[in-house]
Every structure is written in structure tokens, then in C-alpha cells.
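Q: Structure provided below as C-alpha cells; questions to follow.
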Amino acid sequence: MISLAGVAIYLFGNKKDNIDPMNIILADGLKKEFNIAQDLAVYQIPVKATGYMSGELADNLKSIDFNTDKNSQIFNLMNQLYNETDFEKIISTIILILKQINQ
């Protein structure tokens, strides 16, 4: 399915530990999906505010300037999304990013 997508949006990325179901751990499957999407050049939007693996993916993507030109509108929006914690603003920023991608 990822190969058919142009964009992947990542939220949360946690799961129950198989050894101790009361323990919540990072979802390694989300990281695998991220790597697959990266190999397929799918545009990736991890939402840092949801935490867990999505937060780590957002940190990793920010460290490489979100794979975009620093002077682009998408870079500015991704940076805004990275720092946002208000979910209404997160949704509106994601919509703006998707509009920019589709231009």
C-alpha cells in the first residue's frame, strides 16, 4: 500500500510490550513503515506532538531539514508542525502541507 501513496502521516507509534502488557513501548513496525516509505520517496509527515515513535521520527526528519529545501514553504510548515502542540493547529498545518505538496 505504501508504494501507492504519495504521502504518509505518522501518529503515535506505541504498543503494549509482549513481555509486560502493562508496559507501553515504541512501535518498531512504524519505524519499518517509515523506512519503506523513505526508500519509495513517499513524502513523510510525522507528528511530533503525538510522541512515541512518531516523535522520534519527527526528530530524525528535522535533523535532515525534513528532506526539503530550507527556503521552501513546505520546510516552514514542517518546522511549524514540529513545534506545534495544539491539535487544531496541527490538523490545519497538515492540511496546508498537503496543499503545498499537491501544487
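Each reported figure results from applying straightforward, stated rules to the coordinates on display, with no laboratory input. These numbers come from a predicted model, not from an experiment. With ideal geometry, Cβ positions are generated from the backbone for all residues, glycine too; neighbour counts draw on all protein chains shown.
Q: By its C-alpha gyration tensor, with a ≥ b ≥ c as the square roots of the eigenvalues, how is segment 49-94 shaped: rounded for a/c under 1.5, else prolate for a/b larger than b/c, else oblate? Working shown, then result.
A: On the way: a/c = 2.91, a/b = 1.18, b/c = 2.48.
Judged from the Cα gyration tensor, segment 49-94 comes out oblate (a/c at least 1.5, b/c at or above a/b).
Q: Still on this structure: Mind checking the dipole of the chain: about its Cα centre, +1 per Lys or Arg Cβ, -1 per Asp or Glu Cβ, Debye to the nearest 20? Intermediate values should be presented prior to the final figure.
A: On the way: 9 positive and 12 negative charges, 32 e Å.
Charge dipole of the chain: 160 debye, to the nearest 20.
Q: Using a Gaussian network model on the chain with a 10 Å cutoff between Cα atoms, which of 66, 75, 87 fluctuates the most?
A: Of the options given, 87 has the highest mean-square fluctuation.
Q: Return the aspartates and glutamates within reach of residue 15: Cα separation strictly under 14 angstrom, same-chain partners fewer than 8 residues apart disregarded; answer none if there are no such residues.
A: Reachable aspartates and glutamates: 28.
Q: Starting from the Cα of residue 86, step 7 Å along the direction of its Cβ; do the same at residue 18; then give the gap between the two resulting points in nm.
A: 4.3 nm
Q: Continuing with this model, one more query. When the helix-only estimate is applied to the chain (DSSP H runs of n ≥ 4, each -39,500 (n - 2.57), divided by the residue count), what is the mean residue ellipticity at 222 nm, nearest 500 deg cm²/dmol? Working shown, then result.
A: On the way: 4 runs with 50 residues, N = 103.
Here the helix-only value at 222 nm equals -15000 deg cm²/dmol.
Q: I need the trypsin sites (Lys or Arg not before Pro) found in segment 25-103, filtered to DSSP loop residues with at most 15 other beta carbons within 10 Å of theirs.
A: 70
Q: Could you point to the residue in 21, 40, 11 farthest towards the positive end of segment 2-101's charge dipole, with +1 and -1 charges on the Cβ of Lys/Arg and Asp/Glu respectively?
A: Projecting each Cα onto the dipole axis, the largest value belongs to 40.
Q: Classify the chain from the C-alpha gyration tensor, please: rounded if a/c falls under 1.5, else prolate or oblate depending on whether a/b exceeds b/c. Walk me through the numbers before you get to the answer.
A: Numbers: a/c = 2.10, a/b = 1.52, b/c = 1.38.
The shape class here is prolate.
Q: How big is the gap, in Å, between the Cα center of segment 43-103 and the Cα center of segment 1-25?
A: What the calculation gives is 18 Å, centre to centre.
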